[in-house]
């Protein structure tokens, strides 16, 4: 949307009244721009959420309630807002409060200078973006030493005002500049005086908020982000950008990040291209209000200088920063969505797993874990070059599998993965017909193996074996294991090391917190690494809970949480509902029902003359009883003293106590025979697991050495966002489009016919 000052696309220009700060008078007092109610109304309008929902949610956030707690246990207060909506409110209120704080600082600063007018105050108060506020503040902002400030110190401001005001039509510029020539002030000639005056005018133009906004909008709508190679003959990953340009308003996020990376690595020169002649003409029509002034040519020269030297470089930086920030946010959203789906992968319950971390020279680490993830035994085998001890390796795998009654072998997907897969497939075919194997994404296993958490868990094991245990446990319970490593190391997303690291970390931490609380945590088996992500807890409290467990034995009920060192009433309130105790002496501790609703739950069962075990053993029995007895939810909720949303949650929790929502997610693909890339033929239909989703498609593990790519054009009709079609961890059917053995690439399609 173009400003009223400039309709660059329609070609019409409105005259702008230009004032100098010195012309302002009738100074006014600063004022509060946005009250708390104004902020609520603005967020309500922006997010299309009712004002009372926004107001109540802000109050809950200000009371230091966590978002998972609010979303789950304060539905009556928020009107059943979900986590995403609550986080959006949190983001908006933080931004608006910071914006209001900045406005107050600027209003007070300008007031102290004696230059705050009602018009300027209103402009600052009405600004919706921080950039608009900073533009308005620019003329009053203390400046470092510039050509303009030097000229002002030399007494050239009156001459600059003559050029700016454009009122003089008699005489010549040289005659009017002559009195300003002063050797002592380092203005030796008339030309120097006029140059200094033009320098001041150039800064006056650059400081005008409306001028900067005009240039910003015109550049965005008409400029291009371009790149060129510093060395066109040098091969690199950025060759498609060696001579490239795309409109700023259209360029997609992943290309912005790619060009930024190429620039950072010294391969590309990146900048904004713009045909400036038309823009300068449009600016001239706004700035030059009196063409008959004797200073018109000097004003036009100052305008050109202002644009080239001051405005254009600044606006280019701003626009590139804005594009990068937008691309960062987009990449972070994709990363977060992928991470959420990876963390929600279905666990494999009740199985004994052998993990194998493949390798060549240093061998393959083998580790066995039981159904709870406890490490039983490990070894190292050397089936690959340079040792080539395949027989010895097979013997070790067979002996460990028989000794510990192994059900599944988990193979890491790193170096020597496919050679190890071939070895395992041979053993299964020949000696272990009841065993299957799965390829596990081992990204981050080495990070975990060298971490403090791993050293605490397995102080007597070498790093390689710790990493291998992690590979096996990722199949057993992905969430419990993956929370132990930096989310950036999990191997999903795109350009994760290029985006804003603070925002990325905050977003990924938010995802981990959300997933952990969505799934719930077994209080008696969870590690410190998992517990610290529960709402209301931190690393210190999580560690104290484990210490209490080790000292006093397993928790028997949720009430014991209050005995943990550092567990105050607020922390207990926030975390209790997300912590489960499967063997508790209180049946409700096994559910997601919050302790604050225990009395209401007991009252509900009393009204229906039912007990917990009866309800638990018969799916949907409670709902059927309520329906058969003609009880209305509003009246029933009021009778037990809760709201309807809480009543619905109580009923759901009673009917499905201890239910793991991950059970509905796709199970890993188990194999018993290996598929090589040479076996692939165009047209083959295969099952695969989505490993990563990016802007342009999805990478799918189909059981060969390299993940295949399903381009978004092969996902369906006009797919713009692949995340709307597939998620990391999905098991899908694909058709082989093309196999490039030389480059190790496989093109796939979800269009099976």
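The values are calculated or read from the model by the stated rules, or taken from the named source; none is laboratory data. Quantities reported herein were computed from a predicted structural model and do not represent experimental measurements. With ideal geometry, Cβ positions are generated from the backbone for all residues, glycine too; neighbour counts draw on all protein chains shown.
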(request) Output the residues belonging to the range 550-566 that are buried (at least 18 other Cβ atoms within 10 Å of the Cβ) and more than 35 Å from the chain's Cα centre (by Cα). (result) 555, 560
(request) Just name the residue that is surrounded by the fewest Cβ atoms within 10 Å (Cβ to Cβ) out of those in the range 665-693 that are in contact (Cβ under 8 Å) with a residue 60 or more places away in the chain and in a helix (DSSP H, G or I). (result) 678
(request) Please go through the range 38-54 and pick out each residue that is assigned to a helix (DSSP H, G or I) and free of Cβ contacts under 8 Å to residues at least 12 places away in the same chain. (result) 38, 41, 44, 45, 51
(request) Consider residue 205 carefully, then state whether it is assigned to a helix (DSSP H, G or I), touching a helix residue (DSSP H, G or I) at 6+ places or on another chain (Cβ under 7 Å) and more than 21 Å from residue 299 (Cβ to Cβ). (result) no
(request) Please tell me if residue 196 is assigned to a helix (DSSP H, G or I), over 29 Å from residue 124 (Cβ atoms) and at pLDDT 95 or above. (result) yes
(request) Take residue 306 and decide whether it is crowded, with 18+ Cβ neighbours inside 10 Å and either free of Cβ contacts under 8 Å to residues at least 12 places away in the same chain or over 20 Å from residue 147 (Cβ atoms) (or both). (result) no
(request) Specify which of the listed residues (293, 236, 226, 297) is farther than 25 Å from residue 132 by Cα and part of a strand (DSSP E or B). (result) 226
(message) With the structure loaded, tell me whether residue 281 is assigned by TED's automatic domain parsing to the domain that holds residue 215 and either surrounded by fewer than 17 Cβ atoms within 10 Å (Cβ to Cβ) or modelled with pLDDT under 95 (or both) or whether it fails that test.
(response) yes
(message) Looking for something out of contact with any helix residue (DSSP H, G or I) (no Cβ under 6 Å at 6 or more places or on another chain), part of a strand (DSSP E or B) and under 16 Å from residue 359 (Cα atoms) - is there at least one such residue anywhere in the range 408-428?
(response) no
(request) Kindly provide the set of residues from the range 221-249 that are touching a residue at least 60 places away in the same chain (Cβ under 8 Å) and in contact with a helix residue (DSSP H, G or I) (Cβ under 6 Å, 6 or more places away or on another chain), ordered by number. (result) 248
(message) Just to be sure before I move on: is residue 728 under 21 Å from residue 252 (Cβ atoms), modelled with pLDDT of 90 or more and in a loop (DSSP other than H, G, I, E, B) in the structure I sent?
(response) yes
(message) Scan the range 511-528 and tell me whether some residue there is under 30 Å from residue 359 (Cβ atoms), in contact with a helix residue (DSSP H, G or I) (Cβ under 6 Å, 6 or more places away or on another chain), buried (at least 18 other Cβ atoms within 10 Å of the Cβ) and not assigned by TED's automatic domain parsing to the domain that holds residue 73.
(response) yes
(request) Looking for whichever is touching a residue at least 24 places away in the same chain (Cβ under 8 Å) and in a helix (DSSP H, G or I) here; the options are 544, 517. Which one fits? (result) 517
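For every residue, the table says whether it meets (1) surrounded by 23 or more Cβ atoms within 10 Å (Cβ to Cβ); (2) modelled with pLDDT under 95; (3) farther than 15 Å from residue 316 by Cα.
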{"residue": "182", "(1), (2), (3)": "no, no, yes"}
{"residue": "189", "(1), (2), (3)": "no, no, yes"}
{"residue": "200", "(1), (2), (3)": "yes, no, yes"}
{"residue": "220", "(1), (2), (3)": "no, no, no"}
{"residue": "228", "(1), (2), (3)": "no, no, yes"}
{"residue": "244", "(1), (2), (3)": "no, no, yes"}
{"residue": "247", "(1), (2), (3)": "no, no, no"}
{"residue": "263", "(1), (2), (3)": "no, no, yes"}
(message) Take residues that are closer than 19 Å to residue 298 by Cα and in contact with a strand residue (DSSP E or B) (Cβ under 8 Å, 6 or more places away or on another chain) and tell me which of the helices (runs of 4 or more DSSP H) falling wholly in the range 94-183 contain 3 or more.
(response) none
(message) Taking the conditions exactly as written (crowded, with 20+ Cβ neighbours inside 10 Å and either assigned by TED's automatic domain parsing to the domain that holds residue 203 or at positive phi (or both)), does residue 291 satisfy them or not?
(response) no
(message) Take the conditions crowded, with 19+ Cβ neighbours inside 10 Å, in a helix (DSSP H, G or I) and modelled with pLDDT under 95 and apply them to residue 467. Does it pass?
(response) yes
